[in-house]
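Every number here is computed from the coordinates shown, using simple stated rules; none is lab data. For clarity, every value in this text was computed on a predicted model and none was experimentally measured. Heads up, the Cβs are rebuilt from the backbone with ideal geometry, glycines too, and the neighbour counts pull from every protein chain shown.
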Amino acid sequence: MFIYSIIVATLTSLLFLTQSLKKEAMDVFIEAPELIVQRMSAGRHDLIPVGYAEKILSIPGVSSVEPRYWGYYYDNLTGGNYTLIARNIDALHMVKGTLPKGPGECAIGKGVADVRLTDLNDVLFLSINPQQKVSLKVVGIFTADSAILTNDLVVMDKNDLVNFFALPKDMATDLIVHVSNASEVPTIAMKIRRDYPDTRPITRSEIVRTYENVFNWRGGMALTMFIGPLLAFAIFAWDKATGMSAGERQEIGILKAIGWETTDVLKLKFWEGMAISLTSFLTGSILAYIHVFYFGAALFAPVLKGWSVLFPPFNPIPYIDLYQIFVIFFLTVIPYLASTIIPSWKAAVTDPDTVMRS
Amino acid sequence: MIKSKIFFSFIAIEIIVIAFLYTDANHTIAARNAEVQSKRELVRKLSLTDFAVFTEARYTRHPSQADTFSAFQDFPSSMDHFPAGSIVGPQRGNN
């Protein structure tokens with residue numbers, strides 16, 4: 001029963017975690033840009049000329065086009081990858097301190113602050129080579145509860161970022177297209193693709209769909225981890241189904257010898273299996289909830305972390321989908337019941353004398 | 001105490017714990033609604049598109065922005081060598 005509970009706890013933890021991350025992605029990325037236009041070159045994401053914005057702006061339905069400047073920085077000191085973004089905005093709730101108001105300032109994610117041992121008003125020095133380097137005063141640190149979005153971010157002034165990455169003057173990383181009527185986004189994406197065949201428009205619904213796929217329990221992240229415990233359970237159930245102990249066979253033989261019908265034996269075995277599987281299912285579900293929502297899925301962290309130096313602490317919101325609880329119930333309880341009843345039935349229909357002597 | 005009573009008491013306790021956890025879940029969702037609103041503000045104002053969970057490669061850091069074969073494009077017939085590549089599946093449906 002202990003092993004059974006642990007298997008249920010592992011499977012349920014995984015479903016709780018992926019469901020929570022998926023729901024959170026659905027909730028927050030409905031505010032993601034409606035349309036992002038990337039330029040592709042030789043099959044890779046390349047810098048886009050800011051001049052593309054003018055023609056895109058002339059497409060009916062487009063209200064504005066904004067170049068976005070961002071890039072990746074590999075930090076030799078810590079081995080971490082940071083995402084550098086240039087945005088000039090006034091204020092945000094999830095920042096301790098302020099946001100950069102001009103050149104020479106930055107706001108950093110909690111993960112960056114931790115690995116660089118940096119606090120407010122300290123200096124963050126980034127360097128690609130002797131020519132491309134920048135010293136930024138840390139004026140803000142994103143709060144820990146925003147880490148899932150901001151852990152590796154360094155938000156800085158546009159000029160600092162352009163100089164640091166040595167971006168050509170008339171180039172941006174990609175373009176954000178604001179559309180007046182959301183239902184026109186696919187049409188506008190199609191027109192952009194027609195006017196600029198070297199571009200790749202990404203709509204908000206595609207961003208949301210990506211996260212539906214990544215955190216779908218039947219694929220991607222979940223499937224990779226789901227398959228292990230499920231196979232363990234299959235072996236566990238198979239072992240039970242194929243090998244009844246001599247003691248168990250003898251017990252059935254005695255019950256038959258004292259006058260029990262086959263149906264009575266099956267009822268007994270059904271309720272015995274039900275008692276074990278129900279107890280294990282409830283215990284496993286409770287353990288899973290505590291593991292994921294009180295301890296931040298700590299046991300999964302080493303698997304999920306991979307080679308990432310910056311990994312945000314998980315503090316998932318307990319969005320629970322009853323459908324998934326039923327899935328776990330049917331994947332564990334029903335096979336277990338079947339695996340206890342079938343061998344019992346085989347023993348119960350055999351002559352009691354033969355069963356007891358075997 | 002007979003074993004059936006122990007069993008039923010145990011099941012009853014577990015059901016009470018599950019009811020408590022369910023109530024706790026609903027309470028936590030309501031209590032953390034402000035946090036979700038703040039995250040939406042972050043996404044809107046910083047134009048974010050992805051979770052900062054897997055930072056080891058660009059196609060795992062920004063799965064929604066990467067093309068479907070970026071895991072294998074470092075050189076011809078290169079293998080995907082980041083562990084997170086096995087966890088974050090390729091996106092579907094994008095261009």
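Listed values for the stretch A:149-158 are Karplus-derived 3J(HN,Hα) couplings in whole Hz (6.51 cos²θ - 1.76 cosθ + 1.60, θ = phi - 60°), namely 9, 10, 3, 10, 7, 10, 9, 9, 6, 4, and x replaces Gly and Pro.
So what's the net charge close to A:ALA275: Lys and Arg +1, Asp and Glu -1, counting the other residues with Cβ under 14 Å from its Cβ? Numbers along the way, then the final one.
Values: positive: A:LYS267, A:LYS269, B:LYS3, B:LYS5; negative: A:GLU272, B:GLU14.
So the environment of A:ALA275 carries a net charge of +2.
For the stretch A:48-172, the number of Lys pairs separated by eight or more positions or lying on different chains, with C-alpha atoms closer than 27 Å, is 19.
Give me the distance between the Cα centres of the stretch A:147-185 and the stretch A:239-272, rounded to whole Å. Cα centroid to Cα centroid, the span is 69 Å.
In straight-distance terms, cross-link reach from A:LYS269 covers every one of the aspartates and glutamates whose alpha-carbon lies under 12 Å from its own, apart from those fewer than eight places away in the same chain; here that gives A:GLU248, A:GLU251. Debye sum, Cα scatterers, the protein assembly as shown, no solvent: what log₁₀ I/I(0) at q = 0.06, 0.07 1/Å? Cα-only, vacuum Debye calculation for the protein assembly as shown: -0.36, -0.47.
Entry note, chain A: relative contact order of 28 percent, from Cα contacts under 8 Å with a spacing of 6+ residues.
Less than 5 angstrom separates the built amide H of A:LYS96 from those of A:ILE141, A:PHE142, A:THR143, all sequence-distant by 5 or more or on a different chain.
Sort out for me the Cα centre separation of the stretch A:300-350 from the stretch B:8-69, rounded to whole Å. Centre-to-centre distance over Cα atoms comes out at 20 Å. Distance between the 7 Å Cα→Cβ label points at A:ILE30 and B:GLN37: 1.4 nm.
How far, in degrees from 0 to 90, does helix A:2-28 lean away from the longest principal axis of the Cα atoms of chain A, to the nearest 10? Roughly 30 degrees, rounded to the nearest 10. Cβ-Cβ distance of A:ILE6 and A:SER127, R₀ of 56 Å, FRET efficiency by 1/(1 + (r/R0)^6): the value works out to about 0.70.
Listed from fewest to most Cβ neighbours within 10 Å, the set B:THR49, A:THR150 follows the order B:THR49, A:THR150. Inter-chain Cβ neighbour count for A:28-38, averaged per residue, equals 5 (cutoff 10 Å, partner chain atoms only). Residues in the stretch B:51-63 carry Karplus couplings, in order, of 6, 8, 8, 9, 9, 6, 9, 5, 7, 9, 6, 10, x Hz; the curve used is 6.51 cos²θ - 1.76 cosθ + 1.60 with θ = phi - 60°, and Gly or Pro positions show x. Calculated mean residue ellipticity, 222 nm, the protein assembly as shown: -15500 deg cm²/dmol, from DSSP H runs (n ≥ 4) at -39500 (n - 2.57) each, averaged per residue and rounded to 500. When chain A is modelled as a GNM with alpha-carbon springs shorter than 10 Å, which of A:ARG194, A:ARG209, A:ARG68 fluctuates the most? Maximum fluctuation in the GNM of chain A, among the listed residues, is at A:ARG194.
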